[in-house]
């Protein structure tokens, strides 16, 4: 069955005013660039009461989704993102329905005033391409030629499950890939697929790309403040503890949030521990711990590591949603027994402005939060709104080898959990 | 602005910090603003500190003490600053609750800086704040007073134990921020430095030149040294000349007495414009380390061809504005301004032709001008490249025997921070015709985020102990060495043959002699 493409006669879809107002105007799929050019040309000539328009673009951003209903929320997100990162945003929707295969496209300008005095508008463009019942080879054949040459291409994969196969048509073009493990309940499949993409693409890009390909999980970004608070707890410029205590760590407990409606014990650890697993992967790979045992039961995961002959136990424990958002971290407890007994508790409860880190020494180390604190500090919690997380990703491009190591460790843990037959 | 990646040494000690963007968080501190009732505090310093607070760039423990002779309570000072913030910092979101939290760390001390008892009170106050706000005894003294009080203040602070030398990384630390002008001439600058260095080591001294905190000024380094395409062209082979313009529509406002002492040469050229010359002219530093950058800036300034008194008139033009029109308003001449002598010979305009005698810049003139009450407020650096060597298009309409215009790279510092490159392109159509276009980059357009103010950046750097964007003592010295002969020549001329001031109307582009100066080298000022 051949794919239907929407074609229309001139003039270009919608009026200039409609285009500049941000309303999506349907355009001929074969003439997207041409119609965009026409709309911009007429926008530039518009005067007499209408604010002058400047176009800005520093990157390309493809947002890929398979959810038909994502259009409005994605448009709002792109609006927010384009304010800080002027870009050509392409919303690539791959949907399934009972109809014939079809491809449609819409365009809209996303404008904001530079200041109220000059009334100058800075505008970016959003192109929406919806492929219904088409494969990604077809969809990408429309989307990829729309990428502006010589500007970096970011792709935000907003679909589950993560699929290397579906991504393939796009991969050769992408400079940075953004995924979100919080949307995926099949942890092993997600992280394994992510690792495939990172490994496979690393080889391709080393030949073809000038910019090193990189891939990042928004859950990794969500955990930044937690990782910083743990790392800085062992940094004497910020805390009372020295890095010497890292070698003496013998116990780690990480709590993660259960879903709102499943606090009665129905929820499984699967998918919900993705952020926690990345943190464990990060600590264990960085400190050179070797995984020995893994077991899971409902909302709890128990792991055992070895470091130079010392045993380290690690637990991931589900907590009700009033202590942590679904899949988010609620607290991290780390105990060390050398050079002396200490414990560090990093906690954040809903509504708290940041992560509070408290450390206890000697006997107090066992009592954790009940004893007198020897050192306390407060770390700002990064904003977790999706658009802010994306902001960060767009601001700090570059390969993150530490993230890859964390993913490798997470996959190792998940495989051992699977082979232990309890995953 | 506030983050850096953990260094290898730090990571070796604590591997968990690898790859982490760590806040360059300042130590707890107390800042004493001397001259807190002045314009600078309400217009710039407090808004900058509050903006840093909003961005969570101040440490958890800090205190700010305003000090001046005007009697005022802590609460009155807080209210005064809160109102000023609303009035002068329109780009900062004012929320009463947040302001109230910030204002709890604001204090005021009425004091005469020449009285030891008053400074002893300051010392006691800082001791109290150390306990109350956990400032750990780290103190920053911001000299925002009349420059004539600087030495008195430094000696006074030392007399009560507040000014003392500290080793790098030693805590608690005292630091001092000195607002320009750093002295009145070379001799007074050396005397001031000598006094300061009696009680502070150089790494504790932050000579602030707010131009260096501006985003576009910092971008000059990035433009030159992070791009591969400009640096090969950045020399006498490809650059014809450089024009640096600082034009203001404002007059001297209420700063008549200060301006009568300073004049445009001391107020703008000796510091701000020399900074711009050094950034355009410097060689690439060996690293981004503060001293490496400052070394290169000093090196290029040392290459400025000295002007002896006899040659000043051939290379420097001075002017003073008379009455005229600015944006449709009739404005008085300089001599009619408040608290200005009606026979004043102080210059409100300077234009100069400089040469940097080194391999890179041999025979490339730098034309620098700065003036008040000019037609437009604008600060920019224009790098004019040499024209194409062969006049292939000389017969095209509009080209003429002079050939094509040259390419120009313009770094706009204010009001619209950005960069533009002028180049030729063919006009669409059947006939060959060339049009000159500007390829523009504007900070406000390309980045949707607010740029921090220059004072925000500089105060934050001082809190962090990073002196990269502050003037070092030898840089100040070399700038004074350059302008001293000009001042001496003008001083003699004032006695023998006083200048015919005013020599330009407010709202114009300065005296005719300025156009003649640049025309003598067969160039013309850019039409701005």
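The values are calculated or read from the model by the stated rules, or taken from the named source; none is laboratory data. These numbers were taken from a predicted model, which means no experiment stands behind them. Virtual Cβ from ideal backbone geometry, glycine too; neighbours counted across all protein chains shown.
Numbers at a glance
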item: Subset of region B:104-150 [part of a helix (DSSP H, G or I) and over 21 Å from residue B:70 (Cα atoms)]; result: B:127, B:128, B:129, B:130, B:131, B:132, B:133
item: Residue within region B:93-103 that is modelled with pLDDT of 95 or more, part of a loop (DSSP other than H, G, I, E, B) and within 29 Å of the chain's Cα centre (by Cα) present; result: no
item: Hey, residue A:370 over 21 Å from residue A:248 (Cβ atoms) and modelled with pLDDT under 90 or not; result: yes
item: Candidate set from region B:439-472 (those that are touching a strand residue (DSSP E or B) at 6+ places or on another chain (Cβ under 8 Å), within 14 Å of chain A (Cβ to nearest Cβ) and at pLDDT 80 or above); member that is surrounded by the most Cβ atoms within 10 Å (Cβ to Cβ); result: B:465
item: Residues located in region A:284-300, provided they are touching a helix residue (DSSP H, G or I) at 6+ places or on another chain (Cβ under 7 Å) and farther than 18 Å from residue A:247 by Cα; result: A:294, A:296
item: Single match in B:309, B:297, B:386, B:313 (criterion: touching a strand residue (DSSP E or B) at 6+ places or on another chain (Cβ under 7 Å) and touching a residue at least 12 places away in the same chain (Cβ under 8 Å)); result: B:386
item: Selected residue [within 14 Å of chain A (Cβ to nearest Cβ), in contact (Cβ under 8 Å) with a residue 40 or more places away in the chain and surrounded by 18 or more Cβ atoms within 10 Å (Cβ to Cβ)] from B:49, B:54, B:45, B:58; result: B:58
item: Which numbered condition residue A:113 misses (of (1) under 23 Å from residue A:27 (Cα atoms); (2) in contact (Cβ under 8 Å) with a residue 12 or more places away in the chain; (3) over 22 Å from the mean Cα position of the chain (by Cα)); result: (1)
item: Residues of region B:347-379 satisfying the condition of being surrounded by fewer than 20 Cβ atoms within 10 Å (Cβ to Cβ) and within 18 Å of the chain's Cα centre (by Cα); result: B:377, B:378
item: Condition check for residue B:161: without any contact (Cβ under 8 Å) to a residue 40 or more places away in the chain and within 17 Å of residue B:109 (Cβ to Cβ); result: yes
item: Tally, over region B:204-224, of residues that are assigned to a helix (DSSP H, G or I) and either under 21 Å from residue B:272 (Cα atoms) or at pLDDT below 90 (or both); result: 14
item: Every residue from region B:405-429 that is at pLDDT below 75 and closer than 18 Å to residue B:523 by Cα; result: B:405
item: Counted residues, region A:52-107 - those being assigned to a strand (DSSP E or B) and either out of contact with any strand residue (DSSP E or B) (no Cβ under 8 Å at 6 or more places or on another chain) or under 21 Å from residue A:27 (Cβ atoms) (or both); result: 23
item: Residue within region A:24-38 that is assigned to a strand (DSSP E or B) and either buried (at least 17 other Cβ atoms within 10 Å of the Cβ) or at pLDDT 80 or above (or both) present; result: yes
item: Lone unmet requirement of (1) closer than 22 Å to residue A:411 by Cβ; (2) touching a residue at least 60 places away in the same chain (Cβ under 8 Å); (3) buried (at least 23 other Cβ atoms within 10 Å of the Cβ) for residue A:286; result: (3)
item: Test result for residue A:140, crowded, with 18+ Cβ neighbours inside 10 Å, farther than 29 Å from residue A:26 by Cβ and in contact with a helix residue (DSSP H, G or I) (Cβ under 7 Å, 6 or more places away or on another chain); result: no
item: Unique residue being within 26 Å of the chain's Cα centre (by Cα) and outside the structural domain of residue B:271 (by TED's automatic domain parsing) when the list is B:148, B:159; result: B:148
item: Filter pass, residue B:282 being under 26 Å from the mean Cα position of the chain (by Cα) and either buried (at least 22 other Cβ atoms within 10 Å of the Cβ) or without any contact (Cβ under 8 Å) to a residue 12 or more places away in the chain (or both); result: yes
item: Region A:74-100, subset within 13 Å of chain B (Cβ to nearest Cβ) and surrounded by fewer than 20 Cβ atoms within 10 Å (Cβ to Cβ), residue nearest to residue A:110 (Cα to Cα); result: A:79
item: Residue satisfying condition, being surrounded by 15 or more Cβ atoms within 10 Å (Cβ to Cβ) and within 30 Å of residue B:43 (Cα to Cα), within set B:525, B:480, B:490; result: B:480
item: 2 or more residues at pLDDT 95 or above and in the same structural domain as residue B:505 (by TED's automatic domain parsing): qualifying strands (runs of 3 or more DSSP E) within region B:317-404; result: B:349-355, B:365-371, B:378-385
